[in-house]
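Encoded as structure tokens, the structure appears first; notes follow it.
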Amino acid sequence: MTIEIAQTLLLLLVLTPFVGSLIAISLPSDRSTMAAWLSGSIAFLCLAITTSLYVFVIEGRVLRTDIAWIPQFGLNFTLRMDGFSWLFSALISAIALLVVVYARYYMSAEDPVPRFFSMFLAFMGAMLGLVLSGNLILLSIFWELTSIISFLLIGYWYHNANARDGARMALTVTGTGGLCLFVGLLLVGHVVGSYDLDVVLASGDTIRNHPLYVPILVLVLMGALTKSAQFPFHFWLPQAMAAPTPVSAFLHSATLVKAGVFLLTRFWPVMAGTDAWFWLVGLAGLSTLLLSAYFAIFQQDLKGLLAYSTISHLGLITVLLSLGSPLAAVAAIFHTMNHATFKASLFMAAGIIDHETGTRDMRRLSGLFKYMPITATLAMVASASMAGVPLLNGFLSKEMFFAEAIETHRVNLLDTLTPYVATLASLFAVTYSLRFIYTVFFGPKPHDLPNEPHEPPHWMIAPIGFLVLACLVIGIVPSLTIGPLLHTAVVSVLREETPVYSLAVWHGWNLPFFMSLFALVAGILLYVVMRPYLATSVEGPPYFRRLQGQRVFERILVTISWKWARMVEMKAGTRRLQPQMRILVFVAIVAAATPLLWGRFQPADFAFRNIDPVFAILWLIGMACAVGAAYQAKFHRLASLVLLGGAGLVTCITFVWLSAPDLAVTQLLVEIVTTVLILLGLRWLPKRFEKTDAAAMSVGVRMRRLRDLVVAVTAGVGLMLISYTVMTRPMPETISSYFLERAYSEGGGTNVVNVILVDFRGFDTFGEIAVLAIVALTVFSLLLRFRPAAESLERPEQQRVQNAFDARHPERETGESVAEYLHIPSVIMRWLFPVIGMFAAFLFFRGHDLPGGGFAAGIALSIAFILQYMSSGTRWVEERLRIHPLRWISVGLLVSTATGLGSWMFGYPFLTTHSRYADLPLIGEMPLASAILFDLGVFSLVTGATVLILIALAHQSVRSPRAHMRSVKLSGKEKS
């Protein structure tokens, strides 16, 4: 295999799960088997790709693939695979494959199974992207993606309140940690001078000796400790047990919670070895290791016990990484692998018990060995591995943990306590493992179970059998099985610091062995003593909940989301839009004035000598319209809207006067659409508040209007000063000269404005149209739920006009045609559709060289659509034109994205454009630019977004509110 093929496979390894997720979500809900086969095939493909790439990462080698994104700022889509990330990729892919096989039989046919597998594959892709990221910013993106998709997976059964609460808690904690991590990674890039992971990993001394080291460490640890549920952030993981068991088996064995320890291990070479690292990581790890092992003993829910045991073992790994010893780092990597095997098998076994008996309550379960001997045997072996019984893989890494715990790394209290805490936590681990085995599988015959217990289908047990076999084989012959893979991972992390270590099963009669023996015997005795109490315990000791941390989180959440938010709402909240706009404009004024005052802003001298009288009169007309619109707003909203349109028209003429016809065309079209939008929604505005005290209200209104006038004049004059200063500067000092010189040579277009939008700032435009799509969908959703205010339904004048119209046209749907309401022949408005459509096409195709473009063309075409609604009513249009705005939006996003991705195929950064001239028959030389495809996406999305909002308003406004409500109830087509 060549290096080029390997780089392509590395890219496919990350992208394939996301493609599979899109395919799975499009499957019908009754195709659960097809979704399972699809997910299993993709997981197997990822595992095969990972296996094939092993030869490229042995002996410390690194496989990279770089796709230019924003290379000027060091931001590239870089995937990087070394031995450590290969190990995690193999764990993620292999356990994903086993969980898919298991979930095929676990999930009920009544559940939306394709949606489950779609989210499962998306999460798998996010985890693979996280461990394979070669850029800090890309790592942060995938990190947040895992938090978001895990929120969806944990809350998969959204009808369950516990699932919703657990998902919200997990997202709150891990999302907050993710934001801290992002800031920390930005600081790392600032200190190192690069966001490339290879550069960062080679800059350990630079980071540790920098004054920002402690803030960086705290921020990075916030991300890692919250994700791995370390104390004091451990409380979210038990609440996530409301998720389906396949989710728990995948997220809490090899993926989500392992992301934190992956990050700690990844940054171990550049951040470990300091006192701050030792104390912060060590305190969190030791507290988590001991407390969670103690909490696990008292759990009555099988998955709750496994959740706290997971937290405890993650604490064990964290303690090992805190020691700063290379041998401890080896033990941490080894236990990460071992924990994934036995914990995934235990979660699956717990799911089988719940699936076949109908309960996970350990107080109701007993004697299941007689009914489920295969499941019981496999679960007992996995539990023994979790407890650290010899000849199992968990014993080997626990022995390495004890060996490092007794070593002296730093002379302080924390290092002295480490071996004692390790032994006590191991004792607790034996106790809760033995409780899991004895309580569930032995004892009296179970009674009063929801279901009759029995063995599940063989393929449901097979994944557990494979994992348990791995526990046995690794525990018996570790050097021949896991040894080479562990060495590859260790060398990639420690490099020249890689120590000499042994994976021998027997190391003699030494202190670590006696510590293990003591923990094993004492753990058994502790369970025997506590067994009667545990059989009836509900919540554990009285101080149990106080130590769990959930109450603290709930109190903080209530304080922030209820008390503080309610206080802010009472102080700043309002029923009216104007005060909110006033605050927004005031903040903008302060934000703009601060840097100008600090920078000693000196506006250019005003020269009134060369003012054209016609231009001055034009502006006087515009100012009069603006002042009149503000004055008429308190008397007649329609008149105010007309005057507002006059001010907008003056702005359009100003653009033309100042040689900006492209802006003028766009402004004119936006003015038309905005006016129509306001007209359609004008009747739904609530009536004004009644004046209770005329004298007091008159003074109050005058003061309020005076305040608004001051804010408006300040904002307008400030913007005028900035604009005038920019436009009167000498050309070489402005950025415009850069675009004027390069618009044609590099963008292939003479319309500089359009070239800037689709060539130089294409990525910004891409983000803007994505925001436009989100806003359109949000507005549409809100309008679907809109119910007019009571006072807007009782306007006598409107009702009188509507009744007269209904009397003239009894055969038509009530209020159906705005054209007839305005006495305009509808045929004229219908004839305008092809005319405006041709005008939109004209604007689109000329946009790269002359005024126009995709945005202006999209607005123009949306005007053609709304005219049809106004001429013939909603039903006539939707039965004949069959407009699908959501498809327009989707196609626009896809085309714009595909244009950007197409540049990658030729080795250029995202959205890099290319232009050339083609000599076409009969037409001659014609300019062709790849940016026209991007502009096509903008055109489609703008049309879809605008029409979507207009359709929603048209459905509300072209008929009387009561008639509309009646039609919604009576007409299934209208309701849909």
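The values are calculated or read from the model by the stated rules, or taken from the named source; none is laboratory data. What you are looking at is a predicted structure, and each value in this text was computed from that prediction instead of being measured. Cβ placement follows ideal geometry from the backbone for every residue including glycine, while neighbour counts extend to all protein chains displayed.
Taking the residues in the range 757-777 that are closer than 11 Å to Ala931 by Cβ and of a type in the set (A, V, I, L, M, F, W, C) as candidates, determine which candidate is surrounded by the fewest Cβ atoms within 10 Å (Cβ to Cβ). Walk me through how you get there before you give the answer.
Filtering the range 757-777 down to residues closer than 11 Å to Ala931 by Cβ leaves 757-760, 762, 765.
Now narrow it down to the ones that are of a type in the set (A, V, I, L, M, F, W, C): 757-758, 760.
On the way: Leu757: 23, Val758: 32, Phe760: 18.
Applying the filter and picking the extreme gives Phe760.
Considering the range 19-48, the residues that are at pLDDT 95 or above and more than 24 Å from Ser108 (Cβ to Cβ) include one that is surrounded by the fewest Cβ atoms within 10 Å (Cβ to Cβ), namely Ala48. The residue list Leu928, Leu933 contains one member that is outside any helix (DSSP H, G or I), under 19 Å from Ala841 (Cα atoms) and in the same structural domain as Phe855 (by TED's automatic domain parsing), which is Leu928.
Residues that are over 24 Å from Val131 (Cβ atoms), among the hydroxyl-bearing types (Ser, Thr, Tyr) and in a helix (DSSP H, G or I) within the range 481-520 comprise just one, Ser516.
With the requirement that a residue be among the aliphatic types (A, V, I, L, M) and buried (at least 20 other Cβ atoms within 10 Å of the Cβ), what does the range 172-186 give you?
So in the range 172-186, the residues among the aliphatic types (A, V, I, L, M) come out as 173, 179, 181, 183, 185-186.
Within the range 172-186, Val173, Leu181, Leu185 meet the criteria.
Results for (1) modelled with pLDDT of 80 or more; (2) more than 30 Å from Ser745 (Cα to Cα); (3) not in a helix (DSSP H, G or I), shown as yes or no for each residue.
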residue: Ala804; (1), (2), (3): no, yes, no
residue: Val827; (1), (2), (3): no, yes, no
residue: Arg830; (1), (2), (3): no, yes, no
residue: Phe842; (1), (2), (3): yes, no, no
residue: Gly852; (1), (2), (3): yes, no, yes
residue: Ala860; (1), (2), (3): yes, no, no
residue: Ile863; (1), (2), (3): yes, yes, no
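In the range 164-192, the qualifying residues are those that are touching a helix residue (DSSP H, G or I) at 6+ places or on another chain (Cβ under 7 Å) and of a type in the set (Ser, Thr, Tyr), and the one that is nearest to Met241 (Cα to Cα) is Thr174.
A single entry from Met581, Met570 fulfils the requirement of being exposed (fewer than 10 other Cβ atoms within 10 Å of the Cβ), modelled with pLDDT of 70 or more and under 41 Å from the mean Cα position of the chain (by Cα): Met570. Counting only helices (runs of 4 or more DSSP H) wholly contained in the range 233-303, the ones carrying 3 or more residues that are among the hydrophobic types (A, V, I, L, M, F, W, C) occupy 245-251, 258-266, 268-271, 275-297.
Within the range 244-255, the only residue that satisfies the criterion of being among the hydrophobic types (A, V, I, L, M, F, W, C) and either at pLDDT below 90 or surrounded by fewer than 22 Cβ atoms within 10 Å (Cβ to Cβ) (or both) is Ala254.
Kindly indicate whether Trp277 is in the same structural domain as Ala329 (by TED's automatic domain parsing) and at negative phi. Taking the combined requirement at face value, the residue satisfies it.
Just checking, does the range 38-60 include any residue being under 18 Å from Ile333 (Cβ atoms), under 23 Å from the mean Cα position of the chain (by Cα) and outside any helix (DSSP H, G or I)? Within the range 38-60, not a single residue is under 18 Å from Ile333 (Cβ atoms), under 23 Å from the mean Cα position of the chain (by Cα) and outside any helix (DSSP H, G or I).
Of these, Ser723, Ser736, which one is modelled with pLDDT under 80, among the polar types (S, T, N, Q) and surrounded by 14 or more Cβ atoms within 10 Å (Cβ to Cβ)? Explain how you work it out, then say what you get.
Numbers: Ser723 fails: surrounded by 14 or more Cβ atoms within 10 Å (Cβ to Cβ).
Just one listed residue meets the conditions, Ser736.
Of all the numbered requirements in (1) modelled with pLDDT of 90 or more; (2) out of contact with any strand residue (DSSP E or B) (no Cβ under 9 Å at 6 or more places or on another chain); (3) surrounded by fewer than 21 Cβ atoms within 10 Å (Cβ to Cβ), Gly155 misses one, and that requirement is (3). As a summary of the residue check, Gly129 satisfies the conditions (1) of a type outside the set (Ser, Thr, Tyr); (2) over 17 Å from Leu11 (Cβ atoms); (3) crowded, with 22+ Cβ neighbours inside 10 Å except for the one numbered (2).
Residue-wise test of (1) among the aliphatic types (A, V, I, L, M); (2) free of Cβ contacts under 8 Å to residues at least 60 places away in the same chain; (3) under 26 Å from Leu152 (Cα atoms).
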| residue | (1), (2), (3) |
| --- | --- |
| Thr206 | no, yes, no |
| Leu217 | yes, no, no |
| Pro246 | no, no, yes |
| Thr255 | no, no, yes |
